[in-house]
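Shown next, in structure tokens, is the structure this report addresses.
No value in this document is a laboratory result; all are computed from the given coordinates. Fair warning: this is a prediction, and the values are worked out from it, not measured in the lab. Methodologically, a virtual Cβ is constructed for each residue, glycine included, from the backbone with ideal geometry; neighbour enumeration extends over all protein chains shown.
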Amino acid sequence: MSWETEIGAFECYLRAERGLSDHTRRAYLSDVGQLEAFLGPRSRPAKVDAADVRAFLAERHRRQAASTLGRKLASIRAFFRHLVREGGRAADPTVGIPAPRTPRSLPSPLAVDDCQVLLDANQSATDETPAGRRDQAMFELLYGAGIRVGELVALDVRDFDEHQGEVRVWGKGGKERIVPVPEGARAALRRWLDSRRHPGVLGEPLFPSLRSRKGEPPRRLDARDVRRRLRRRALEAGVVDRVHPHRLRHSYATHLLDMGADLRAIQELLGHASLSTTQKYTAVSAERLVAVYDQAHPRARKRRGS
């Protein structure tokens, strides 16, 4: 079989069986396409061996981060495992190839005050324009529910339960979870949805573009739209730190942990498959505790001055 045929089948598998988002599917297919381009037009998926995969990763080793190489290996491994399951190969050529070691990096949450300033900025003006009400609801939901930006833009109006105060989120791998929505976000969502009470609205995107042509269904905002508007809001609010949607998710988890929330509960709220993924926030909170000690404890001040 040719690369084109096998990659097409792989894409169908990622969409239908894995339920991956458009963004993730594009990343998987791009990585496999780069392997194809590296090996040349005469190569075939059934003939690729471990040396070919190692050579592909080695060629990119000096100009790409270990995390990027790890993702490419994961994409290629998923492709060949699918090929083995479908009978296109006898064995997976990525078996035994270790993932590149990546330095451990901790999440970088915003300070609570910065989150408050970000959400309170120009709040009086949000009642005056549809874009302002929509953006306020988006940002309140990102921080108030800790959802991923991909999960945010995938929401439909029907996914927000105004009476129960919760939102139904479709996470990685198409897994569904219910996340409580705090009062600030609920109020912002109500203000946004009050202007959209019309037949059929439940099936529309919760956060659409306002530039859709008359008579056409509203276009769903994408992750780039949200990032761009959030950056603009942060600049207008005077928040010095770099702000992006995933940083609000980090802030959500870290602030919950700081306030005494149970780690298992945070895992469920974030939609993490493994508790080890959530445990990174305990390290962040420990570092913050040390920083508070160094700033506030009299013996710490004496130690610094000695």
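Peptides 20-27, 148-155 ranked from most to least packed give 148-155, 20-27, packing being the mean of other C-beta atoms within 10 angstrom over each peptide's residues. Packing around the peptides 247-259, 213-225, 46-58, taken as the average count of other Cβ atoms within 10 Å per residue, puts them in this order, highest first: 247-259, 46-58, 213-225. Set against the 2.2 N^0.38 Å expectation for a compact globular protein, segment 3-85 has a Cα radius of gyration ratio of 1.05. In summary, the aspartates and glutamates within cross-link reach of Lys72, defined as a Cα separation below 12 angstrom excluding same-chain residues under 8 places away, comprise Asp31. Annotation: amide H of Arg220 within the under-5 Å range of Ser209, sequence separation 5 or more or interchain, hydrogens built in the peptide plane.
Basic side chains Lys and Arg get +1 at the Cβ, acidic Asp and Glu get -1 at the Cβ, and with that the dipole of the chain about its Cα centre reaches some 1020 debye. Mean sequence separation of contacting Cα pairs (under 8 Å, at least six apart), scaled by the length of the chain, corresponds to a relative contact order of 17 percent. Here's the picture: charge each Lys and Arg Cβ at +1 and each Asp and Glu Cβ at -1 in the chain, and of Gln64, His163, Leu263 the one pushed furthest to the positive end of that dipole is Gln64. Only aspartates and glutamates eight or more places from Lys280 in sequence, or on another chain, were considered; those with a Cα closer than 18 Å are Asp258, Asp262, Glu268.
In a fully extended conformation the segment linking Val201 and Arg158 would gain 14.7 nm over its present Cα-Cα distance, using 0.36 nm per residue.
Between the helical axis of 245-258 and the longest alpha-carbon principal axis of the chain there is an angle of about 60 degrees.
By the count of other C-beta atoms within 10 Å, a proxy for reagent exposure, Ile147, Ile7 are ordered fewest to most as Ile7, Ile147.
Dividing the Cα radius of gyration of segment 41-172 by its Kirkwood radius returns 1.17 for Rg/Rh.
Multiplying the residue separation of Ala265 and Thr102 by 0.36 nm and subtracting their alpha-carbon distance yields 55.9 nm.
Per-residue packing, averaged as other Cβ atoms within 10 Å, sorts the ranges 76-88, 190-202 into the order 76-88, 190-202, beginning with the highest. Read through the labelled values [x] 34, 22, 20; [y] 38, 30, 17; [z] 30, 25, 16 and report the label of the one computed as semi-axes √(5λ) of the Cα gyration tensor in Å from the structure. The value matching this structure is [y].
Comparing Gln64, Gln136, Gln34 in a Gaussian network model of the chain (Cα springs below 10 Å), the most mobile by mean-square fluctuation is Gln64. Averaging Cα coordinates gives a centre for segment 129-199 and one for segment 63-92; these two points are 35 Å apart.
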